[in-house]
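Trainee: One structure, pasted below without further comment.
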Amino acid sequence: DMENNGNEVDTNLARRVSTEFSVQETLLKLLISKCEPEQRDITEALTSHVFKSCHIYRDLGRADSASLSLTRLRSLVQIFQQRGTTYSPNLPMILRLEDAKLLKCQNDLDTAVMHCKIISNHLSSSEDAETNIERDSLLADSLLLGSLWMAEQNVDTAPSILSSFQKASRLSMEVHTKAKAMGASHTASSIRKASIAGFKLGEFAAS
């Protein structure tokens, strides 16, 4: 409800959210220091927590706090590497997409669009032929966000932007189909993304 009213958010609320996140992060860091490198539950919980905080800070219009969350996440990746803890191979591109969202929050749309194009080009050229829902979902997200921001900035031709919307919509539906076939737990999320991509394609085509 507060997503479009970042400037009106009560400072006390933002401080309370920040304090809660700090406590949660400290607890998770204490737990991760006691678990074995192959135990991924705490690692995934900590990574998910930092992503969640970045998302909420952006919605609250707190770009500086969101940027700090991303910095902490990158430092966590270094710790994981030192400990030999495994993490998603898509994480570097996931981080870059978070950078793009932060740039959009800071009204730097040109650079945000450039980030999305880099991500989509990199993932599209991947030689991994195996089914990878996370990678395909990330590619669909980067295509959709890039399309939305290009349309907002009117920085490309209409046919080019329309083609990008079409790719995002088609891939989002393919991800949902794969998620259903595999009985994946994130089926609800995949159909929501597919629906949004389809609606945005329709809106742009109609305009």
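The values are calculated or read from the model by the stated rules, or taken from the named source; none is laboratory data. Model, not experiment: these values are computed from the prediction. Note that each Cβ is placed from the backbone with ideal geometry, even for glycine, and that neighbours are counted across all protein chains shown. Ligands, DNA and RNA are stripped out before the accessible areas are found, and what is left, the full protein with its side chains, is counted by its heavy atoms. Shrake-Rupley method; radii C 1.70, N 1.55, O 1.52, S 1.80 Å.
Trainee: Output the residues belonging to region 168-199 that are among the charged types (D, E, K, R) and either surrounded by 18 or more Cβ atoms within 10 Å (Cβ to Cβ) or on the phi > 0 side of the Ramachandran plot (or both). Lay out the reasoning, then the answer.
Mentor: Of the residues in region 168-199, the ones among the charged types (D, E, K, R) are 170, 174, 178, 180, 192-193.
K193 - this is the single residue of region 168-199 that is among the charged types (D, E, K, R) and either surrounded by 18 or more Cβ atoms within 10 Å (Cβ to Cβ) or on the phi > 0 side of the Ramachandran plot (or both).
Trainee: Output the qualifying pairs, or none if there are none: Cβ atoms under 8 angstrom, residues six or more apart or on different chains, first residue in region 14-32 and more than 15 Å from K52 (Cα to Cα), second residue in a helix (DSSP H, G or I).
Mentor: Sorted first by the residue in region 14-32, then by its partner, the pairs are K29/L46; L31/I42; I32/I42; I32/T43; I32/L46.
Trainee: Another question, then. Pairs needed: first member in region 98-116, more than 22 Å from L60 (Cβ to Cβ) and touching a residue at least 60 places away in the same chain (Cβ under 8 Å); second member anywhere, among the acidic types (D, E) and open to solvent by less than 20 Å² (accessible area, probe 1.4 Å); C-beta distance under 6 Å; at least 6 residues apart or different chains.
Mentor: Close Cβ pairs (under 6 Å, with a partner that is among the acidic types (D, E) and open to solvent by less than 20 Å² (accessible area, probe 1.4 Å)) do not exist here.
Trainee: Right, something else. Within region 157-189, work out how many residues are within 22 Å of H122 (Cβ to Cβ) and touching a Ser or Thr at 6+ places or on another chain (Cβ under 8 Å).
Mentor: Number of matching residues: 7.
Trainee: Pairs needed: first member in region 147-158, at pLDDT 90 or above; second member anywhere, assigned to a loop (DSSP other than H, G, I, E, B) and open to solvent by less than 70 Å² (accessible area, probe 1.4 Å); C-beta distance under 6 Å; at least 6 residues apart or different chains.
Mentor: Within 6 Å, the pairs are M150/D156.
Trainee: When N132 is evaluated against the numbered criteria (1) surrounded by fewer than 23 Cβ atoms within 10 Å (Cβ to Cβ); (2) closer than 17 Å to S189 by Cβ; (3) polar (S, T, N, Q); (4) modelled with pLDDT of 85 or more, which criterion, by number, is the only one it fails?
Mentor: Unmet for N132, out of (1) surrounded by fewer than 23 Cβ atoms within 10 Å (Cβ to Cβ); (2) closer than 17 Å to S189 by Cβ; (3) polar (S, T, N, Q); (4) modelled with pLDDT of 85 or more: (4).
Trainee: Going by the conditions given, is P159 surrounded by fewer than 21 Cβ atoms within 10 Å (Cβ to Cβ) and over 29 Å from G202 (Cβ atoms)? Don't jump to the end; show me each part of the working.
Mentor: Details: surrounded by fewer than 21 Cβ atoms within 10 Å (Cβ to Cβ): yes; over 29 Å from G202 (Cβ atoms): no.
Here the answer is no, as P159 does not meet what is asked.
Trainee: Could you grab the pairs with beta carbons closer than 7 Å, sequence gap of 6+ or different chains, first residue in region 35-64 and at pLDDT 80 or above, second one basic (K, R)?
Mentor: R58/K101
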